[in-house]
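Taking it in order: structure first as structure tokens, then the write-up.
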Amino acid sequence: MCDLSFNDLGMLHESGIFSHLDYYFSTTMANIFNDSEPLEVLSAALTCRALSKGCICLDLTGLAGSVLETSEGKELIRLPELKSWCNILRNSAMVGMEASHCGEKENDMASWIAEYPLILDRDNHLYLSRYYDFQCRLADNIRARMKRRICGPDYEFVNHRSSAYFDSRDTHRTFGQQQAVKKALYSGFMMVSGGPGTGKTYITHIIQTLLTVWANENGLKPPRIICLAPTGKAAARLKNGGTIHSALKPVKNGTGFRHNAANPLAADLVIIDEASMIDMALMTRLFEAISPDTRIVMLGDMNQLSPVQAGAVFSDLCYADGLSDFRVFLDVNFRSGGKVGIETLAKAVNASDADSVADILKADYPDLLFVDTNEDKRYQARLESCIWEGYKTLWDAASPDQAMAALDDFRILCAHNSGNSGTLQINHLCEKILRSKGKNAINRPGFKTLLMVRRNDYKRLLFNGDTGVVLEENGISTAWFASEESGQSDIRYFRVSDLPECEPGFAVTVHKSQGSEFDTVLILIPEQTSPVVTRQLLYTGITRARKKVIIFGSMPMIRQAVRTSVERRSNLQI
């Protein structure tokens with residue numbers, strides 16, 4: 001076994017392997033469990049580190065015997081072999097043991113959380129006990145919904161009425177949509193995964209309509225339907241849509257939500273869009289706030305980026321063996337018919353086919369533009385030209401209506417916040433270009449800038465990721481936002497000084513663009529290798545575009561991104 005000491009933890013912290021949070025969490029555990037060995041404390045730090053990378057558990061089998069090294073490749077320590085590592089943890093006072101393979105516990109879960117900060121399951125996955133609890137609760141909730149029979153339309157009604165919404169001459173292409181509608185009406189839980197244009201929103205309209213018709217014909221009250229999404233942008237695309245947080249109603253000056261298992265949402269059907277963006281903690285709380293007698297329809301794209309927070313829940317459920325009868329995959333794009341470059345490129349990226357991606361980018365598609373920053377010496381001038389052309393209409397806006405109409409015409413998507421191609425630098429560049437090319441830019445009234453909200457403001461119904469325009473009139477700056485709750489189409493305004501924490505919104509990360517669509521997107525690929533630049537990031541960026549994708553980057557970096565996949569571990573099994 002490797003020879004570890006408590007000094008190694010400080011060395012790993014100083015070397016950048018562990019963040020401040022990882023380090024201080026583990027040292028706090030060492031102080032509480034003062035008889036702990038160095039490997040126990042190191043395991044706590046590694047588990048906390050895994051959480052920050054989006055994994056809710058640490059895979060000991062995969063890590064055992066590996067070497068921790070700096071970003072420069074300097075070897076620091078070698079982790080122990082699996083058997084000896086697990087033996088230490090099984091005898092640790094800070095680690096609780098899972099009682100059975102299916103997740104049943106020897107004692108009440110509340111006592112586990114109180115007694116153990118870490119849980120080791122039978123498959124050698126180490127969890128923070130809070131996230132082990134979330135995972136067990138969500139899995140149990142979904143299993144119960146799979147078994148529960150909910151009163152609803154019969155087979156004859158569903159078959160006869162749903163057929164009216166699909167072209168009988170196109171049954172091959174609409175087969176997936178028809179299956180999704182039928183499964184949603186027959187069962188209490190159903191998932192649909194598909195990319196843009198595959199008809200996810202369309203089938204939710206059918207489901208809502210047929211449930212309403214069935215209720216009317218049987219003398220029942222109209223079904224109570226709630227449509228939810230993680231962001232306001234995504235919620236705006238749903239009929240009577242709202243955000244998850246606004247529906248659950250966060251407890252003021254506290255933690256948790258007003259709606260929970262003891263106080264569920266008043267609904268007969270809950271439609272959850274952009275489910276791939278929802279992390280483990282929020283998904284668990286949302287499911288628990290939905291009555292067992294309420295239908296759930298989850299919509300998402302399993303190929304998109306996982307949530308920023310821990311847990312690739314939707315993706316894991318799409319692969320879960322036990323859910324094969326409760327999910328449908330849609331792969332036909334009804335917007336494009338497969339004839340345009342955006343869809344062709346997205347499919348090649350999804351397939352990790354770097355050669356095809358290179359060929360597509362070099363081809364002459366009207367909706368694709370690729371600028372190879374290694375080959376094109378004028379790429380900086382071309383970038384500035386693209387930015388000016390993309391935002392010129394917005395810059396020329398003289399009224400709120402004009403500005404809001406142009407808000408989603410164009411957006412720049414970055415992999416990072418920092419660096420030459422990060423949002424901080426590119427937002428600064430955008431402001432510089434607009435002010436230098438716009439007439440009388442400093443003193444002119446009208447459009448000033450784009451702002452993106454960074455912190456939820458429940459009083460003003462402004463949420464993280466919402467984007468607004470700032471206009472100035474008579475020396476007063478006002479921020480305008482679309483009303484993206486409950487299907488409203490009007491716009492709201494606030495004094496800039498009254499806004500929650502914001503940042504410039506000309507360039508945003510691909511992560512923050514999820515749930516949004518723009519006519520044209522400009523994607524900037526970093527010049528240097530980064531673990532963030534993956535197949536999922538590239539696919540998500542490409543599929544934000546309705547009409548055109550512009551990509552600036554080097555071909556080697558794009559090839560590497562296509563071959564690199566995000567590895568998230570939530571170990572959610574149904």
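Odds and ends about this structure:
- Across region 175-200, the number of residues qualifying as surrounded by fewer than 22 Cβ atoms within 10 Å (Cβ to Cβ) and either in a helix (DSSP H, G or I) or in the same structural domain as Ala351 (by the TED database) (or both) comes to 7.
- Flag for Ala358 being touching a helix residue (DSSP H, G or I) at 6+ places or on another chain (Cβ under 7 Å) and either assigned to a helix (DSSP H, G or I) or modelled with pLDDT of 95 or more (or both): yes
- Residue match in region 384-398 (condition: closer than 15 Å to Met555 by Cα and out of contact with any Gly (no Cβ under 8 Å at 6 or more places or on another chain)): no
- Leading residue by the ranking (most open to solvent (accessible area, probe 1.4 Å)) among those in region 5-28 that are polar (S, T, N, Q) and within 35 Å of the chain's Cα centre (by Cα): Thr28
- Selection status of Asp396, open to solvent by 60 Å² or more (accessible area, probe 1.4 Å) and modelled with pLDDT under 95: yes
- Residues of region 367-418 that turn out to be without any contact (Cβ under 8 Å) to a residue 40 or more places away in the chain, under 31 Å from the mean Cα position of the chain (by Cα) and part of a loop (DSSP other than H, G, I, E, B), as a count: 2
- Of the residues examined, Cys55 is one that is part of a loop (DSSP other than H, G, I, E, B), outside the structural domain of Met277 (by the TED database), under 33 Å from the mean Cα position of the chain (by Cα) and under 22 Å from Leu572 (Cα atoms).
- Per this entry, Ala236 is not counted among residues that are buried (at least 23 other Cβ atoms within 10 Å of the Cβ), out of contact with any His (no Cβ under 9 Å at 6 or more places or on another chain) and not aromatic (Phe, Trp, Tyr).
- Test: residue in region 515-532 that is open to solvent by less than 50 Å² (accessible area, probe 1.4 Å), in a helix (DSSP H, G or I), modelled with pLDDT of 90 or more and not hydrophobic (A, V, I, L, M, F, W, C): no
- Filter result for Ala346 (small (Gly, Ala, Ser), in contact with a helix residue (DSSP H, G or I) (Cβ under 6 Å, 6 or more places away or on another chain) and closer than 29 Å to Asp170 by Cα): yes
- Search result, residues across region 416-437 that are within 16 Å of Thr393 (Cα to Cα) and either acidic (Asp, Glu) or touching a helix residue (DSSP H, G or I) at 6+ places or on another chain (Cβ under 8 Å) (or both): Cys430, Glu431, Ile433, Leu434, Lys437
- Selection over region 240-299 of residues that are among the β-branched types (Val, Ile, Thr) and more than 18 Å from Cys318 (Cβ to Cβ) gives a count of 7.
- The residues in region 555-574 that are open to solvent by less than 10 Å² (accessible area, probe 1.4 Å) and touching a strand residue (DSSP E or B) at 6+ places or on another chain (Cβ under 9 Å) can be counted, and the count is 3.
- Restricting region 92-104 to residues that are at pLDDT below 90 and open to solvent by 50 Å² or more (accessible area, probe 1.4 Å), the residue that is nearest to the chain's Cα centre (by Cα): Cys102
- Hits in region 29-84 (condition: open to solvent by less than 50 Å² (accessible area, probe 1.4 Å), of a type in the set (Val, Ile, Thr) and in contact (Cβ under 8 Å) with a residue 24 or more places away in the chain): Val41, Thr47, Ile56, Thr70, Ile77
- Val510 falls short of the stated requirement of being hydrophobic (A, V, I, L, M, F, W, C), open to solvent by 40 Å² or more (accessible area, probe 1.4 Å) and either assigned by the TED database to the domain that holds Ala406 or within 17 Å of Ala358 (Cα to Cα) (or both).
- Looking only at region 12-28, residues that are of a type in the set (D, E, K, R) and without any contact (Cβ under 8 Å) to a residue 24 or more places away in the chain come to 1 in all.
- Single residue of Val270, Val297 found to be without any contact (Cβ under 8 Å) to a residue 60 or more places away in the chain, assigned to a strand (DSSP E or B) and not assigned by the TED database to the domain that holds Arg460: Val270
- Residue list for region 533-574, restricted to those being in a helix (DSSP H, G or I) and either basic (Lys, Arg) or under 17 Å from the mean Cα position of the chain (by Cα) (or both): Arg535, Gln536, Leu537, Leu538, Tyr539, Thr540, Gly541, Ile542, Arg559, Arg563
- Any hit, region 215-226, residues being open to solvent by 10 Å² or more (accessible area, probe 1.4 Å), part of a strand (DSSP E or B) and either touching a strand residue (DSSP E or B) at 6+ places or on another chain (Cβ under 7 Å) or modelled with pLDDT under 95 (or both): yes
The values are calculated or read from the model by the stated rules, or taken from the named source; none is laboratory data. Just so you know, these numbers come straight off a predicted model, no measurement behind them. Note that we place each Cβ from the backbone using ideal geometry, even for glycine, and neighbour counts take in every protein chain shown. Calculation scope for accessible area: heavy atoms of the full protein, side chains included, ligands and nucleic acids excluded. Shrake-Rupley method; radii C 1.70, N 1.55, O 1.52, S 1.80 Å.
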